[in-house]
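All of the numbers you see were taken from the coordinates with simple rules; none came from a lab. Small disclaimer: the values here were computed from a predicted structure and weren't measured. Glycine gets a Cβ as well: all are built from the backbone with ideal geometry, and neighbour counts include every protein chain shown.
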Amino acid sequence: MDLQALRYGAVAALLLLALNACADEKSPPADPRLPQPVNGITFDEWAAGNARLANKQTLDGVLETLEVDKSQWDEANTAFTKALKERDPRSYTYQRYGEVFADPAVGRFAEAGDNPRLQGKLATFEDYARVQAHLTVATQAGKDPQEVLKEHDLTVYEFSQESGRWVQEMARAAGGGDIERMNRIREGFEAEYREKYGVGEE
């Protein structure tokens, strides 16, 4: 699984980071439930850096905040990705990755003043349902999810954040009449995209 797939996993369940601790005095104490810092980069800072990269912020900006070079970031990235893949998706490590991805003002990023800001691009359920349907069908057709999000002027970070509200709304509506209306809207968009991509129902 590559890093792009990992970031896209944050949209749904934040899929699938240890080794060789090398924390310095700038890093907060490590949580024993998480992989140890690598090159002075904590797991939280790594997750926060990925949230920024998923929101089209530059790697140079991430490196500057963490005061590391690209090779040090790459080492940490490899170690943390490996550790995350080796852990249970129900583990605290996954949970924490999701928490930081959702609110990346942690560690040295807490005072950086560059935290991603949302713009309300999924203001209605219809907005959300259209993008979700497009992602579902396009993925079945073998398309890159990030390219789909670009078509809707969304980054992975933006979609992961803005879709959360509507996922919660659907969960609250489950078992009631409103969920039927929501499903009809979503299914209508899916039918539209199945026709576009020539994909049948699975």
Highest to lowest packing among 76-84, 99-107, 175-183, scored as the average C-beta count within 10 Å: 76-84, 99-107, 175-183
What's the FRET efficiency of T78 with K196 using the Cβ-Cβ distance as r and R₀ = 41 Å, to the nearest 0.05? 0.60
Treating cross-link reach as a plain straight distance, find the lysines whose alpha-carbon is under 21 Å from the alpha-carbon of K150, omitting any fewer than eight places away in the same chain. K56, K121, K196
Linear extension gain, E67 paired with D31, 0.36 nm per residue minus alpha-carbon span: 10.8 nm
Based on C-alpha coordinates, I'd like the Rg and Dmax of region 125-197, in Å. 12.4, 34
Compute the distance from the alpha-carbon center of region 33-104 to that of region 135-171, in whole Å. 22
